[in-house]
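Derivation of every value follows stated rules applied to the coordinates shown; laboratory data play no part. The structure displayed is predicted, hence computed values, not measured ones. No Cβ is skipped: glycine too gets one built from the backbone with ideal geometry, and neighbour counts run over all protein chains shown.
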Amino acid sequence: MAIKKNNFQDYIGRIVCLKSHYSNSISDIIDINFVGDPNYNSPLMVISELIVLETVEPDKSDLGSKSLPLEQTKCKCIWFSTKQMQFVDTWIYGKHLNLFKDEEKANELPKVNELQVNSKVIFKTSPVELFKRKTYMQFSEGKKDRKAVSFLDFTSPLLIAIDIVDYKMKNNHQEKELWHSAKQVKCKYYKNNSDKFSEVHLPIESLILVPEVKQSRMKRLKRLMNNSKEIIISSDKNKELMCGNVLNLNTAGGSVYIDFFNQISQETHVIDMSRINKISSLKRREQNSLYPEYSIGSDKTLKIKTAEDYLDSGFKNEDEVVLKIIYKNMYDQLTTRFIYPISVQRIKLDKKKGGKKKESELYLEAFCFLREEKRFFKAERIQNLEVYNNKKLITYLKKLK
């Protein structure tokens, strides 16, 4: 059956879930942990075929100004079951389904001419399923602690495309208006429950290419990890830049991921290595860049130059540097922050209040990228200070101000 160029075709290859699923957004899946028996969780699925139940008018609120509502269809949906180690499909009425909102954030669809025989591919829902987490309670030394682990019940294995053929329908629906993919990809994968290799035909729209990670980039990352170096990673695809430390190097679904602690936001992120455009080490300014600074004087005594001494020695941010500080607040809590200095101010104290001996206190006015606002930092509470003049980092941070 020839493919007709109209709007029902837009649904083929879309990720859907039952309306009973706890989320139809990758943002919620990342933020929400699944609690309780994970067997109650339903899979994310991909539409492979679609039957129009009746003639309807376009709905401007859905896929576009000319789109037709999913509720007026019956969809053949595919998912991967790790219990059976095989792909499963079934027909579901569109009124029982929700379209996944932001699947483009999780993966990028391959064009037909990009997917070739011997390409490494994965099922389209797998990158999203990898974000799912389930939690459990752990008891240690009389204390309760909630732990989160990956929930992988519907994550497909890595597939190899061994052939690309015209789409073949299993059932005869000639009496209905049927929509389907133009091409099927014959894939081979390993079934560990039977210790055999298996083959399956999947719509080309249900697959995404597994991008290759450059070995030179992997070697550089490992070298920086082994040296415990702070690094800057950037991406051309989303123009994001992060500065921090690599905690772990992981692989899942044929892709390589890193657990990255972003020191700017003080958050941990899971990042696909294929989306990283550049990796570089974060270098401090070569001289006078780390405080407290220790030295031996001419009288052979230990000299200590604190962060407060550095700021009080006529500091002006003429070179447009960024400071990384460890700051102790009034409750003795320590936080690590990246800040952009604005000015150094000495505030006179009212001697009548509190009987204080000091006449003044030094404050650093700066934009704090952790709190995302301008703050005043008491210089004597800065426990550690590092000066950075990485132009790319500074340019990026200034945009966040």
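Please order Glu386, Glu49 by the number of other Cβ within 10 Å, starting at the fewest. Provide the component values of the computation, followed by the final result.
On the way: Glu386 19, Glu49 24.
Listing Glu386, Glu49 from fewest to most nearby Cβ atoms yields Glu386, Glu49.
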Set the Förster radius R0 to 56 Å, insert the Cβ-Cβ distance between Lys95 and Lys348 as r into 1/(1 + (r/R0)^6), and round the FRET efficiency to 0.05.
0.20
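Working out 0.36 nm times the residue gap between Ile304 and Asp319, then minus their Cα-Cα distance, what length gain in nm do you get to one decimal? Present the calculation step by step, with values, prior to reporting the outcome.
On the way: separation 15, 0.36 × 15 = 5.40 nm, distance 2.44 nm.
3.0 nm is the gain from fully extending Ile304 to Asp319.
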Give me, ordered by chain and number, the residues 5 or more places off Gln263 or on other chains with an amide H under 5 Å from its own placed amide H.
Cys243, Gly244, Asn245
A chain fully extended from Glu212 to Phe376 at 0.36 nm per residue, minus the present Cα-Cα distance, gains in nm 54.4 nm
With x for Gly and Pro, the residue-by-residue ³J(HN,Hα) of the range 339-350, computed from phi through the Karplus equation 6.51 cos²θ - 1.76 cosθ + 1.60 at θ = phi - 60° and given in whole Hz, is 9, 10, x, 10, 7, 10, 10, 9, 9, 6, 9, 7
Filter Lys305/Lys378; Lys219/Lys283; Lys303/Lys348; Lys219/Lys278; Lys132/Lys168 down to the pairs with a C-alpha to C-alpha distance above 23 Å, please.
Lys303/Lys348; Lys132/Lys168
For Thr155, the net charge from surrounding residues (Cβ-Cβ under 15 Å; K, R +1; D, E -1) works out to +3
Fewest to most Cβ atoms within 10 Å: Lys95, Lys219 sort as Lys219, Lys95
